[in-house]
1. Round to the nearest 0.05 the FRET efficiency obtained for R44 and R214 when R0 = 22 Å and r is the Cβ-Cβ distance.
2. Would you rank W132, W194 by solvent-accessible area, highest first, keeping every protein chain in place and using a 1.4 Å probe?
3. Within the set of other residues whose C-beta is less than 13 Å from the C-beta of M119, count the net charge using Lys and Arg as +1 and Asp and Glu as -1.
4. Which far-off residues, 5 or more places away or on another chain, put their amide H under 5 Å from the one on W194, with H placed in the peptide plane?
5. Kindly report, to the nearest 10 Å², the accessible surface of T120 as traced by a 1.4 Å probe over protein heavy atoms only.
6. Around G179, what is the net charge, scoring Lys/Arg as +1 and Asp/Glu as -1 over all other residues with Cβ under 10 Å from its Cβ?
7. How much length is gained on full extension from R11 to E198, taking 0.36 nm per residue of separation minus their Cα-Cα distance?
8. For the range 126-216, which trypsin sites (Lys or Arg not before Pro) pass both filters: DSSP loop (anything but H, G, I, E, B) and at most 16 other C-beta atoms within 10 Å?
Amino acid sequence: MALSPTAAQRRIIEAADPATGRLRGTPAQLAALVKRGLAFRHPRPPHDHFLTPAGHRIREAADVPEAVAGPAEASAAPDTGGVFAARVGGEEAAPGDTGPARLREVRGAWQGLLELRRMTHPDGSTDRPCAWERSHLVRAAALALEAAGHRPAGPGGDDGYRVRATPQPEAVAVYEPDGDALRGCAATLERAGWQVGEHTEPRTRARYLLASPRKV
């Protein structure tokens, strides 16, 4: 899990290139950001370092001054010392985990993930998941759904999506009691570069999606 940055590391994050997320710093500083999950080292020469989605969120939060956000919105904004996490469904929402602040956070994280795809795919494409998503399947699928406007289930198991790990390699299960909403989740994941199939649980007869990151 990503760790919160120090004050010095925040300055490096805030100075990142606004378009690409490219970072400048000493090798030790950049390695420390990688260790915290806030940056990654590009696999191709010259092996520059770039912000991860979590790093982008910290940078964007610093770019929104309180005077612009307004008192109510600023008070609801997430603590930039924390790390963004998409709603997988069924968890307790944080006090400030709704409304415009959350929407801005989710959209920013999704844009950061698209940039991560562009920078790590050899062809620069953004139409299919990257290595980070393959190693964080549940979080990646949940981010795609939440960023597209789907509603996660609440702690009481009410209507909404729930993304869960499965025993199958590189596959997650997505549950949504409403059939139309389930098909909407499937369409969203397909647009986000996932292969999706609809299945029925033998015991409960509940319909669910099995989704895997598309490789080509």
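The values are calculated or read from the model by the stated rules, or taken from the named source; none is laboratory data. The structure displayed is predicted, hence computed values, not measured ones. Note that we place each Cβ from the backbone using ideal geometry, even for glycine, and neighbour counts take in every protein chain shown. The area values use the complete protein model at the heavy-atom level, side chains included, leaving out ligands, DNA and RNA. Shrake-Rupley method; radii C 1.70, N 1.55, O 1.52, S 1.80 Å.
1. Taking R0 as 22 Å, the efficiency between R44 and R214 is 0.50.
2. I get W132, W194, largest accessible area first.
3. Combined, the nearby Lys, Arg, Asp and Glu give +1.
4. So W194 has HN proximity to R214.
5. Its heavy atoms expose roughly 40 Å² to the probe.
6. Combined, the nearby Lys, Arg, Asp and Glu give -2.
7. Contour length minus Cα-Cα distance gives 62.7 nm.
8. For trypsin sites (Lys or Arg not before Pro) across the range 126-216 that sit outside H, G, I, E and B with at most 16 neighbouring Cβ atoms in 10 Å, the list reads R203, R205, R214, K215.
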